[in-house]
Amino acid sequence: MCCVICSFADARGLTTVTLGDGSHAIVCGSHALMVTRRTPVPASLDVLRATFGDRRRRQDRRDHLYQCETARMLADAFTLNRRTGRERRVTG
């Protein structure tokens, strides 16, 4: 049993949400919160996955915000400790 979106598998952090077509999907707490805040609720499992797919696998999500190279360079200059999509912070 794991989140249908991100594959989180710790049962303590999983819950079930009801989709627009009446079916149920197992999701982690983070994705459950996203689903409950979205209006309308995703109609099916395919729509759910497409809407809330794991964003960490994407390239820089800010790419569409920068219309010119100068804007990108300024943002990079003032962003401290920027991680790439492959890096993870370890706590504890």
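Nothing in this text is a laboratory measurement; each read-out follows from the coordinates by a stated rule. This is a predicted model, so every value here is computed, not measured. Neighbour counts run over all protein chains shown; Cβ positions are idealised from the backbone, glycine included.
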Seminar exercise, completed: Phi-derived 3J(HN,Hα) across the range 16-32 with the Karplus relation (6.51, -1.76, 1.60, θ = phi - 60°), rounded Hz, x for Gly and Pro, is 10, 10, 9, 8, x, 8, x, 7, 10, 9, 8, 9, 6, x, 5, 6, 4
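Could you tell me the calculated FRET efficiency between A50 and A9, based on Cβ-Cβ distance and R0 = 22 angstrom, to the nearest 0.05?
Details: r = 22 Å, r/R0 = 0.98.
About 0.55, to the nearest 0.05.
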